[in-house]
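To keep things clear, I will list the structure first and then write my remarks on it.
The values are calculated or read from the model by the stated rules, or taken from the named source; none is laboratory data. Being a predicted model, the structure only gives us computed values, none of them experimental. Here Cβ is always computed from backbone atoms with ideal geometry, including for glycine, and neighbour counts include all displayed protein chains.
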Amino acid sequence: MKVLKFGGTSVGSGQSISTLIDILKNEVTTTGKKPIVVLSAMSGVTNLLLSMAEEAADGKDFVAGLAELERRHFDVVKELLEIQNQNPALTRLKLNFNQLEELLQGVLTLRELTPKTRDLVLSYGERCSAMMISKIAAQYFPEAIYVDASELIKTDSSFGNARVQSEITDQVIRGFYNGHKDNMLFVTGFIAGNDQGQITTLGRGGSDYTAAIFAAALNAAEIEIWTDVNGMMTADPRMVKKAFSLPELTYTEAMELSYFGAKVIYPPTMIPAFMKRIPIVIRNTFEPEFKGTFIRHDCKPSNLAIKGISSINNISILNVQGSGMVGKSGFSGRLFSLLAREQINVILITQSSSEHSITFAVSPGDTERALKVIEHEFELELMAKKLENIDIEQDLAILAVVGENMKETPGVSGKLFSSLGRNGVNVRAIAQGSSEYNISVIISASDLNKALNAVHDAFFVELTKTLHAFCLGTGNIGKTLFNQLNAHAAFLKENNGIQVKIAGISNTRKMAFNSDGIDLNEWEEALERSHDAADLAGFVAKMQSMNLPNCVFIDNTASPKPIAFYGDVLKSTISIVTCNKIGNSGPYNQYKLFRDAARQHGVDFFYETNVGAGLPIIRTLKDLMNSGDRVQRIEAILSGTISFIFNNFKGDVSFHDVVKLAQEKGYTEPDPRDDLRGTDFMRKMLILARDAGYSLEANDVKIGSILPQACLDATSVDDFYAALKAEDAYFANLKAEAEKNGKVLRYIGILENGKAAINLEMVGEDHPFFTLSGSDNIISFTTDRYRERPLVVKGPGAGAEVTAAGVFADLINVGA
Ligand code: ADP
Ligand code: ASP
Ligand code: MG
């Protein structure tokens, strides 16, 4: 025989109750046996009853609540009972509602709600639903009867959270069952009774426990908990979208997960099941094909280091410390017996190894009371300064990782703390259960969502890791990046296990946010629809406040403005990927600050595209340096624009026309002088020099000019082109002279002995840069290791496609 328990949502509407009936029919036909059915109140009803009672005690009326309660039950009766069966059910329900009304009227009159009365009020939820469902079921199973478990489950009088007296309860249940062998029992969950016949409750979520109590008393073969999710998942699916269902758990694992907040099963449920070795299966009423999560003794070995992550999102901690505690073995005993006596539930305890302090967590509602009783009990110690004043911290949360494998798997705590650290989650206190089946940390409640997702990503590596990117700039590079990300999303997920969500976009006009990721098929429309005007500080603040895990700030602008925010962004443990050179080529102090901040906060600062677009130049240099090599000389052509210009400056064409062509092809800045002046090239040389270990400033890079003074002096782009035309002869001469000697013109940067310079040179066939074509970049590193033949990187060093691809590569390397 099995015990099937249906939770609030499974009995929450006519439709789900019909599904429940189908599940029962299926159970009876496939097993040939009648299950015992345990029922919760309809979803939301327990909360509604609770608030009606509390409001009545505050003098507020409960008419609306009562009407809602009636409507919800009556609707189901009318939907699922044959006309001729409706009246008896409606009458019995109405009787219940009348009693409830009288009870609430009493609370209202007395302005007092005792725990005893509260339990009585709450009991109507289960009593109504179980009675109603037994009537509906009787249409298909004539032997169905309603069973009020408050007459069968015997408890003490701790109203709200009563303790079951199992011996007598088992006897009573067995007696009742034996007397009703031919019936199919529809039992109220959650409620019980004390020895005076008063109604008690088993704690919120307690219907699961009712099922286990019946199962244990009757030696059932299995307990099925029917709920609204696919079993026990690796984390609460409402908080962690990537949570997945677990096929099986041990009782201890299920206990620890549920103790720390996995509400899908009520922790005490495991005790009777464990004692009698009865398997529990958690199943989904709304997806009956799902086979369920099994909680049982003989679990197959799992290769997961942990089984799940759970959390309690609202706790306070009290910190008791002082010299009077050191070596006093009786102290903590006294403290915790006091709290137990006062019925203050201590959720978690940590004690420093010096015994100088004890930190423990309680529900916010218990905080003040705990403080009062401790201050009273330890009055003398406090006066004698053997105890310091007791600290209280609020708005905290507990996150716990759970699994029996933790014991054998080294590095679990390292992984936990590094994923929290990387995401800037500050850990207030740590506790490891003595069983070593859980590690729990106390963190700020506002970090909980981020922490859960980050820790989930860290432990369930076979899952895709999600990067949350915030992108500044929707020009050529930004646009192209979005296209590339969109086109490669499926591949990335499949092959690299990475999912990129663009959680924010801003250009100079507008900004848009979506923590689930902006749809890259219509990001332009999303930006258009948004009511947020662009505001850089607002963009950064919003990104920080969204507090998403694995967060990356992407700067695809060429503007100096975002740079001012880099330090702050890194400090909030958000990585940066940038193609904007202005940051790294500003004052040396600033260059250094970004690196220090990234290192200090454990995040990445990637800028491969600062030099040579997508070519692996920065990365190569970094690898050389990190592996102990030393740069002797760097020689480079790093302006794709200037390369293009000189590579095409041959034959009859004039310099003016080549520059124009480069501009038309999109190779130049809006003012081509920004390229030809060598400023952009200078920035790249400066960044390389710095990455090679030299603390140069911009004006340390000597730039030999390409342009005659008149071109530089022109006040507009049009004037510049006019001036350039006037200098055609000058450039034609340069070209002729080079050609005469079998040489070509090249604008080359050199770093040697810590000095950097860029000059227009004529190079012959013997020079490796002679054959450069198109807009290619080339760089040769002569190092201690690459002394004889330099290490050369060559390829397209400009253009939106390759630059965006470089940004893309940096992005997916974040956190790698
Ligand atoms: P019922 O009314 O059926 O007893 P509950 O609301 O008590 O259902 O419990 C089910 C809910 O538990 C799910 O809807 C889910 O949001 C929540 N939950 C929290 N943690 C987990 C977890 N680790 N796995 C599955 N569900 C979880
Ligand atoms: N109805 C009760 C509650 O909401 C018990 C349960 O559903 O398990 O807490
Ligand atoms: Mg529940």
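Of note:
- Close pairs from region 257-282: first part of a loop (DSSP other than H, G, I, E, B), partner of a type in the set (Ser, Thr, Tyr) and within 16 Å of ligand 2 (Cβ to nearest atom), Cβ under 8 Å, at least 6 apart: VAL264/THR227; VAL264/SER258; ILE265/SER258; TYR266/SER207; TYR266/TYR209; TYR266/SER258
- Close Cβ contacts (under 7 Å, 6 or more residues apart or on different chains) running from residues in region 88-116 that are more than 17 Å from LEU48 (Cα to Cα) to residues that are small (Gly, Ala, Ser) and assigned to a helix (DSSP H, G or I) comprise ARG111/ALA57; GLU112/ALA57.
- Selected residue [among the aliphatic types (A, V, I, L, M) and more than 20 Å from THR234 (Cβ to Cβ)] from ILE278, ILE306: ILE278
- Of all residues in region 337-358, those satisfying the criterion of being touching a Ser or Thr at 6+ places or on another chain (Cβ under 8 Å) and either at pLDDT 90 or above or closer than 17 Å to TYR259 by Cβ (or both) are ASN345, ILE347, LEU348, ILE349, THR350.
- Listed by position, the helices (runs of 4 or more DSSP H) contained in region 34-116 that have at least 3 residues being touching a Lys or Arg at 6+ places or on another chain (Cβ under 9 Å) and within 16 Å of ligand 3 (Cβ to nearest atom) are 45-57.
- Residue in region 403-413 that is in contact with a Leu (Cβ under 7 Å, 6 or more places away or on another chain), buried (at least 17 other Cβ atoms within 10 Å of the Cβ) and at pLDDT 90 or above present: yes
- So ASP671, is it in contact (Cβ under 8 Å) with a residue 24 or more places away in the chain, surrounded by fewer than 17 Cβ atoms within 10 Å (Cβ to Cβ) and in contact with a helix residue (DSSP H, G or I) (Cβ under 6 Å, 6 or more places away or on another chain): yes
- Hey, VAL77 modelled with pLDDT of 95 or more, under 16 Å from GLY14 (Cβ atoms) and of a type in the set (Val, Ile, Thr) or not: yes
- When the test is whether a residue is without any contact (Cβ under 8 Å) to a residue 12 or more places away in the chain and either of a type in the set (A, V, I, L, M, F, W, C) or assigned to a loop (DSSP other than H, G, I, E, B) (or both), ALA710 does not pass it.
- Any hit, region 448-463, residues being among the β-branched types (Val, Ile, Thr) and without any contact (Cβ under 8 Å) to a residue 24 or more places away in the chain: no
- Listing of helices (runs of 4 or more DSSP H) fully contained in region 612-680 that carry 1 or more residues being at pLDDT below 95 and under 26 Å from ASP718 (Cα atoms): 640-648, 655-664, 673-676
- Across region 8-33, the qualifying residues are those that are part of a helix (DSSP H, G or I) and within 16 Å of ligand 3 (Cβ to nearest atom), and the one among them that is surrounded by the fewest Cβ atoms within 10 Å (Cβ to Cβ) is THR9.
- Taking region 734-805 and the strands (runs of 3 or more DSSP E) fully enclosed by it, the elements with 2 or more residues that are out of contact with any helix residue (DSSP H, G or I) (no Cβ under 8 Å at 6 or more places or on another chain) and β-branched (Val, Ile, Thr) are at 744-752, 776-783.
- Residue list for region 204-236, filter: assigned to a helix (DSSP H, G or I) and within 16 Å of ligand 2 (Cβ to nearest atom): SER207, ASP208, TYR209, THR210, ALA211, ALA212, ILE213, PHE214, ALA215
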